[in-house]
1. Pick out, from A:Thr133, A:Val273, A:Pro38, the residue whose Cα sits farthest towards the positive end of the charge dipole of chain A, with +1 on the Cβ of Lys and Arg and -1 on the Cβ of Asp and Glu.
2. Less than 13 Å Cβ to Cβ from B:Gly171, Lys/Arg counted +1 and Asp/Glu -1: what total charge do the surrounding residues give?
3. Could you work out how far helix A:217-235 tilts from the main Cα principal axis of chain A, as a 0 to 90 degree angle to the nearest 10?
4. Where does the charge balance sit around A:Leu353 when Lys and Arg score +1, Asp and Glu -1, over other residues with C-beta under 12 Å from its C-beta?
5. Only four residue types carry charge here, +1 at the Cβ of Lys and Arg and -1 at the Cβ of Asp and Glu. Report the dipole size of the protein assembly as shown about the Cα centre in Debye, rounded to the nearest 20.
6. Leaving out ligands, DNA and RNA, calculate the buried accessible area for the pair B and A with a 1.4 Å probe, summed over both sides, in Å² to the nearest 100.
7. Taking only the Cα atoms of chain A, how large is their convex hull per residue, in Å³?
8. Say the cut-off is 22 Å between C-alpha atoms; which of A:Lys262/A:Lys493; A:Lys236/A:Lys262; B:Lys125/B:Lys214; B:Lys125/B:Lys179; A:Lys458/A:Lys492 go over it?
Amino acid sequence: MKKKRFDLATLPERSAKGIDERFHASTPLRRMFNKVFPDHWSFMLGEIALYSFIVLLLTGTFLGLFFDPSMEEVKYDGVYTPLKGIEMSKAYESTLDISFEVRGGLIMRQMHHWAALLFMASIVVHMLRVFFTGAFRKPREANWMIGFLLFWLGFMEGLFGYSIPDDGLSGTGLRVINAITQSIPVIGSWAGFALFGGEFPGTVIIPRFYILHVLIFPAIILGLIAAHMGLLVKQKHTQWPGPGRTNKNVVGVRMFPGFAMKGGGFFMITFAVIAAMGGLFQINPIWLFGPYQASVISSASQPDWYVMFLDGIARLWPAWETRFELFGNGYTIPPIFWAAVVLPGVIVNIGLLYPFLEARFTKDKEQHHLLQRPRDTPVRTGLGMMALAFYLVLFASGGNDVIAQHFDISLNAMTWIGRIALLLAPPAAFWISYRIALGLQQHDREVLAHGVETGIIKRAPDGRFYEVHQPLGPVDDHGHGQLEYEGWVVPKKMNRIGALGPAIRGFFSPLEVEDKEARKGKAKELAGKK
Amino acid sequence: MTSSAEQPRRVPGKLRRRLGAAARMLAALALAGGVYAAIMPASQAEDAPKTLSARAQEGKALYDVSCISCHGTNAEGVKDRGPSLIGVGSAAVEFQVSSGRMPMAAQGAQAERKAVVPLFEDPKKIEALGQYIQEIGGGPQLPGEYGGGDPANGGRLFRVNCAQCHGYTAGGGALSSGKFAPPLDPANSAQLYGAMLTGPQNMPVFGDNQLTVKEKKDIIAYVEYMKNDMDPGGYGLGRIGPATEGIAIFVVGITLLVFTTLWIAGKS
């Protein structure tokens, strides 16, 4: 029998054909691969969240192999001397074992925690980008809402995550959760008992949070991420205005190979940054906190950064307590209820409904696929900065004792600084950013009208000096430019319009510029061939 | 008392009851006080020795140049400047002076640790000063030996007794109105013991009936362990906790990745 020659070159083609004959995948895949993504650095911020979520799933699975979410009391008999013989829960013991005895356990734990902080941080940064560029406008309101909910789900997921090791700090957090639950008027005590299965701390809270942390919330987050991405593909990505870009097209690179390669590379860099942080920076050293006991508390107890603003409002809120009677029973509304239940409720609702609120106030019912620069929407920019200032004051107040200690400021003064700043900083932020936005806009308009400053000073026969301006386009009888204001970058220096040296310099230069010489060579080659 | 004087005019029975109760209370107090005075004979009211030892004489000389302006003659204290030192013992002197807190640089929320003043650089001089205060007023003394504690038990006690001000990681913490619990890193074993024994600044006293000598040594063993323990997870970010971790994720993580986005987008 004649041996058939194996042709390696045609193997991919043949196998792909074979697959397509069976699954008819080429049409949808081609559609998918040809999907175009516009290209701008700020469009990649959300990807950081996606990639850190993948790292979270991977490291979390590893940790799940060794973590025991049990509140059963045991005597520690591991390698960490200062805890030898101490009574602790199995949850804490197994976390210690992950940190000190499981091979690679500590770096996995630290990567998991850093990835969680990065997940939340990139969600916030991404959300700011979407907000300030108006990417949430019709038709993308639903995706804004999903993204906004993802922040809060991540918030809860993180809270569950750092609660389950049952160390001193996490127990303090559980105590706060218990207090917040109990602060709800009328049903509070019952809700607290239901959550903790009786008196705090009880024996069920850690197994409960564990299941929420490893199964229920990750599943919801995964589902919402899928919906977020699905909607992104369906509704297409927004893009910046600019030459050739309209409300009806998308200009960018194809999904495959261009975008996929970039995305894959970016995933690896994100992974690398998380791994580097996990290896270089110690995070949540639970062995220093000891096992949780209800009688133990530490000064400067903070939650993770994304929860810190809630701690901040709890620290700043005045001690206003209300008592009232209902059906012959006395009830109390403690101050923490306003700070930790009502205020977050207000924040969630305003944030969730912002796209509709803005559309309503601006009477805008159009479809928008082009982004707006922050300077072109001064009110929105002002509102966003206002919210950011509010958040930052609360965030800083969440660590006001740490600031007080390390910067030698009285803690009482820090509380009052926080209270006053919480009222004054947001309006100040609004006004300042509103004025800056208008100023930047005005400068763009001025350049469009009068041209770019050339740096050439002329002296007229009458002795008058003036600077020569280079118009960007045709001018009218008065010498004013006739270009319309488009809400996009206006060149303001001569080198930006091709004079006086290269337009872009340095590390972040496009490949095209670097290849200029090479391309010139190639062009000569071609010319020579002719 | 004054408000109850009006009511009884309307309800005389109540007045009688109250007077009776007051009389019984007075009797009980007198009895308890008398028994106490009988059982606890003058252990604290012992007169200071009339003559000072040579060492204490040396200490008195030091006292008279460095301490007297605030603590007054014979360590009796000066109003609004410095408290009386009668009964604080040599432990308090050795803690305050060896940690540089005394002599104080300025009146403030509390004395801060600083370099020991040149006059007291020789530990013998601090001991002499302590001897002087000890001889004129008595009080707690340092045992001079602090080793052999059990760090695990010390850690347990530290978390219950110390962490609420000094923090789990002994990095210190803010108290109200500019007061603070200092970080324990610079304190040596004798100072740790002295602080527990004498309760300097805003710290409560942990007398031997609250934390036994053995328990104090356990706590010292734990704090010394933490001081010398490396951070197994890498750079410890000051062991401050989520506050610095939150800053790190933005300063390091987000910054690196935003530069990466600029880099990737710049290359297309």
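The values are calculated or read from the model by the stated rules, or taken from the named source; none is laboratory data. What you are looking at is a predicted structure, and each value in this text was computed from that prediction instead of being measured. Note that each Cβ is placed from the backbone with ideal geometry, even for glycine, and that neighbours are counted across all protein chains shown. In case anyone asks, the SASA skips ligands and DNA or RNA and just uses the protein heavy atoms, side chains included. Shrake-Rupley method; radii C 1.70, N 1.55, O 1.52, S 1.80 Å.
1. A:Pro38
2. Details: positive: B:Lys227, B:Arg239; negative: A:Asp401, B:Asp185, B:Asp231.
In short, -1.
3. Its long axis makes an angle of about 20 degrees.
4. Values: positive: A:Arg360; negative: A:Glu141, A:Glu358.
My count for the surroundings of A:Leu353 gives -1.
5. That gives the protein assembly as shown a dipole magnitude of about 3060 debye.
6. Values: alone 17010 and 31190 Å², together 42870 Å².
Looking at B and A, the buried total is near 5300 Å².
7. With only Cα atoms used, chain A gives 297 Å³ per residue.
8. On the way: A:Lys262/A:Lys493 31 Å; A:Lys236/A:Lys262 18 Å; B:Lys125/B:Lys214 28 Å; B:Lys125/B:Lys179 29 Å; A:Lys458/A:Lys492 20 Å.
Pairs exceeding 22 Å: A:Lys262/A:Lys493; B:Lys125/B:Lys214; B:Lys125/B:Lys179.
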